Amino acid sequence: MIPIIWKEFKALQTSLMMIIFHFITPLFLLIFFAVALGRNLASFSYGGSAIDYLDYFTPGLVGYITFMTFQISLTLIRHDRMSGMLGIIVLSRGGLGEYLGGKLIAQLAINIAKIVLLIFLAMLISSGQVELFSLQNLGLFLLTILLGSSVWLSLGLALGLFLKRDDVREVLMMFISMPLIFSSSMYYDISRAPAWIQAIGIVNPLTYTCNLTRRAYLLPDMGSFSSDLGILACMAVVAMALAVFVSRRIDY
């Protein structure tokens, strides 16, 4: 498993575009989008209180960082398969389990590093109160990141193994990324969106990830979150089962 983790970190170090995609993109969204939009909103309400939109958007960006795992894994799995590396790993003693576990640990570590940097910057430019210093809030926050990353990593692996052509993969990413992002609660309260967007949001893992990270980030009394957490956990289990199912039916 350790060689798999090392390979994931090495891929990040050797590619400038990967570094930009991993770290710069979320920070630019925070600085340019959230700050600019926040100046144009007289007030924004969450949990019965008026808050700065920057504080509302920051945990949404945390959800987006977990979604980036899907985009990254979908690309890297194609490289591992086409280079023959995946076949060697699957047929080795460690097998598919160590491959999936190593990728999850590496991506989770990268995601947490990005999220720590993001929250640090958000706290520097915002005067809002952050509730993550409570053990209960921090525990829910970290568990949500783990489950969200697991969902998107597994879906990325399943699709990356199933799709045989790079152009199909790129078109698919283009068509599904924006609908997934804007049918979630990343940018806004999805309960106020049109009914058809809410319907998509119900089956969108990003919705539950953003809901949970926002509760943990902003609310001292998080209220009832068990339903969202249970749904996200079920999605993670189903996604991992799908990844294993697809991987066992692929010719390496």
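The values are calculated or read from the model by the stated rules, or taken from the named source; none is laboratory data. Everything numeric in this text was worked out from a predicted model, so none of it was measured. Note that we place each Cβ from the backbone using ideal geometry, even for glycine, and neighbour counts take in every protein chain shown.
General observations
- Scan of region 129-169 for residues that are farther than 28 Å from residue 245 by Cβ and either of a type in the set (D, E, K, R) or part of a loop (DSSP other than H, G, I, E, B) (or both), ordered by number: 129, 130, 131, 132, 133, 134
- Restricting region 77-89 to residues that are aliphatic (A, V, I, L, M) and buried (at least 19 other Cβ atoms within 10 Å of the Cβ) leaves a set whose member that is nearest to residue 240 (Cα to Cα) is 77.
- Test: residue in region 234-251 that is part of a loop (DSSP other than H, G, I, E, B), within 30 Å of residue 55 (Cα to Cα) and touching a residue at least 12 places away in the same chain (Cβ under 8 Å): no
- Options 149, 185; residue that is within 24 Å of residue 25 (Cβ to Cβ), modelled with pLDDT of 90 or more, touching a Lys or Arg at 6+ places or on another chain (Cβ under 8 Å) and of a type outside the set (A, V, I, L, M, F, W, C): 185
- Meets criteria (within 22 Å of residue 26 (Cα to Cα), in contact (Cβ under 8 Å) with a residue 40 or more places away in the chain and either of a type in the set (Asp, Glu) or touching a helix residue (DSSP H, G or I) at 6+ places or on another chain (Cβ under 6 Å) (or both)) for residue 128: yes
- Among the candidates 150, 177, residue that is surrounded by fewer than 19 Cβ atoms within 10 Å (Cβ to Cβ), within 25 Å of residue 232 (Cα to Cα) and either among the polar types (S, T, N, Q) or free of Cβ contacts under 8 Å to residues at least 12 places away in the same chain (or both): 177
- Helices (runs of 4 or more DSSP H) contained entirely in region 1-116, each with at least 3 residues that are modelled with pLDDT of 75 or more and of a type in the set (Gly, Ala, Ser): 53-82
- Residue selected from region 188-226 under the condition in a helix (DSSP H, G or I), among the aliphatic types (A, V, I, L, M) and free of Cβ contacts under 8 Å to residues at least 24 places away in the same chain, by the criterion surrounded by the most Cβ atoms within 10 Å (Cβ to Cβ): 190
- Enumeration of residues in region 197-230 that are hydrophobic (A, V, I, L, M, F, W, C) and within 15 Å of residue 152 (Cβ to Cβ): 203, 206, 210, 212
- Search result, residues across region 155-203 that are of a type in the set (D, E, K, R) and more than 30 Å from residue 84 (Cβ to Cβ): 189, 192
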